[in-house]
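Since the structure comes first, as structure tokens, the remarks are kept for the end.
Values in this text are rule-based calculations from the coordinates and carry no lab data. Since this is a predicted model, take the numbers as computed values, not measurements. All Cβ positions, glycine included, derive from the backbone under ideal geometry; neighbour counts span all protein chains shown.
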Amino acid sequence: MLGDRERPSRIRAEQQRALVHEIRHEAYAYAPFWKERLDQAGVSPASVHGVDDLARLPLTELDEVEDPASLVLRPDGASIRRRGDRGLALRLGIARLFGRVAALNERMLEPIYKPIHWLVQAGLPVGYSAEDLERLAELGRRWLEAAGLRRGDVLVGLVPPGPNLGFWELAEGTRRSGVSSLLLSPVPSIEDVAGLRPTVLAGRPVDLANLLEAAAEAGVHLDSLHTLLAVGEPLEDGVRDRLEFRGDGAAVLSAWAPPGVKSLWAECRGGQGGLHTSPAVELLEVVDPLTGAGVAPGEEGEVVWSSIGWRGTVMLRLRTDVYATLEEGRCPACGRTTPRIVPTSPLPALAAALSAVLDREERVSLWQIELRTVEGEDELIVFLAPVAGADLVDVLDELDNRLSVTQFVVLDRSELDDRLVDHGDARVVDLR
């Protein structure tokens, strides 16, 4: 597995090699969903030579997946011989020759490929093989190391137990790193937590804030606390402020990932705002969410995620709905060279992109976006008030050519002001 301080050129070269193998000899060979998708896009495995070829595949959304099992790698003798890795096909041939196929399955294929552990993300079961769990444990160890944890720390976890990524990467990461941990319910007794003298608290952002505020009201002090790990969901600015205020100098670090992504993205100690990713197991693109086209390096757009090296469930070009920039090179806080995601808007990616376009349109004096679901289909409505004297037909024609929306609704300024007041001045209203 790639280290955390590799040269960017080596990261790109290894990702290129791994992606070609992933598409040619794993996803296409063993996962029905990806074979069908590649065939429909007219992309033959042999034509994939690098990262640039990934753009020939359409973007993927989780709600397109009707059968979660079709995302899982399930090699058998026939598929290994036809499209699998040559080395694996050779081993299978030798095993068949000597009557050792059952042993090969048990000792090699099942640990690598068989999903033995399942998480549920946005309603989708996501499978992990035995090797995947070891990979998750190592990534968890690296996360905790970058957060400044050491073997002498005592971690109390409040992440809800269950089939969620935050809980399992925390549990596996503490095990691998040798950090003492006790994983409790999200709403534990304040006295019980204080009695454990934790140096680290990990939990959902609001749960951590509520615990610290309750402790302050009760006069309970957590004198040993030096780190707060906000796990499982994006850390909003207001909640970060609450944690920093009540944390009495403890570092506040975020770690989360969108549904479908198989390991957490995490802030390092001192690197607030940038989420380190793991280039050994994931490849990231940033695209214009309105067109799907890649953006120039350093520009903001929607993060698109592809798995590398994971077995069990695999993903290619998964839309994350995260609007961000991607920073490469050495992190000024920790020195690691893993690519960092810097979210630039808390809005869903499409709404963030629409907002940017509407903000730049001088002929629109005020606007509001509304997201709704009608008969199971998502709709996006743009309410707008044109500036005085603007050619309304030209404005709508140009916006219609640039934006993929369900409907434009033109109001006068006073009507749109009233709509904004009714929705608490929110420029984006999500009614889904």
Q: Give me the net charge of residue 83's neighbourhood, meaning all other residues with Cβ under 12 Å from the Cβ of residue 83; Lys, Arg count +1, Asp, Glu -1.
A: +2
Q) What list do you get for 262, 35, 114 if you sort them by fewest beta carbons within 10 Å? A) 35, 114, 262
**Q.** Surrounding net charge for residue 349, when Lys and Arg each add one and Asp and Glu each subtract one, Cβ distance under 10 Å
**A.** -3
**Q.** Hydrodynamic radius (Kirkwood) for the range 348-432, which is based on Cα pairs only, to one decimal in Å
**A.** 13.2
**Q.** the chain shape via C-alpha gyration tensor axes, a/c threshold 1.5
**A.** oblate
Q. Between residue 407 and residue 224, what length in nm is gained on full extension when 0.36 nm per residue of separation is reduced by their alpha carbon distance?
A. 60.3 nm
**Q.** Relative contact order (%) - the chain, alpha-carbon pairs under 8 angstrom, separation at least six
**A.** 13
**Q.** Gain in span if fully extended, residue 398 to residue 330, counting 0.36 nm per residue against the direct Cα distance
**A.** 20.4 nm
Q: Sort out for me the Cα centre separation of the range 280-346 from the range 96-115, rounded to whole Å.
A: 35
Q. Dividing the alpha-carbon radius of gyration of the range 1-143 by 2.2 N^0.38 Å (N being the number of residues), what value is obtained?
A. 1.14
Q: Please report how far the C-alpha centroid of the range 24-46 lies from that of the range 1-22, rounded to the nearest whole angstrom.
A: 22
(Q) Could you work out [θ]222 nm for the chain from helices alone, using -39500 (n - 2.57) per DSSP H run of at least four and dividing by all its residues? Round to the nearest 500 deg cm²/dmol. (A) -10000 deg cm²/dmol
Q.
If you filter the range 149-225 for trypsin sites (Lys or Arg not before Pro), then keep DSSP loop positions with at most 14 other Cβ within 10 Å, what is left?
A. 150, 151
Q: Please say if the range 256-353 is rounded, prolate or oblate, where rounded means a/c under 1.5 for a ≥ b ≥ c the square roots of the C-alpha gyration tensor eigenvalues, and otherwise the choice is prolate for a/b larger than b/c and oblate otherwise?
A: oblate
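Taking the beta-carbon count within 10 Å as an exposure proxy, list 392, 92 from fewest neighbours to most.
392, 92
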Q. Rule-of-thumb check for the range 1-42: C-alpha Rg over 2.2 N^0.38 Å?
A. 1.48
(Q) Only bridges whose two residues both fall in the chain count here: according to DSSP, what percent of them are antiparallel, nearest 5? (A) 60
Q) Please state the Cα pair-distance histogram of the range 276-432 with 10 angstrom bins from zero: what percent is in each bin? A) 10, 32, 30, 18, 9, 1
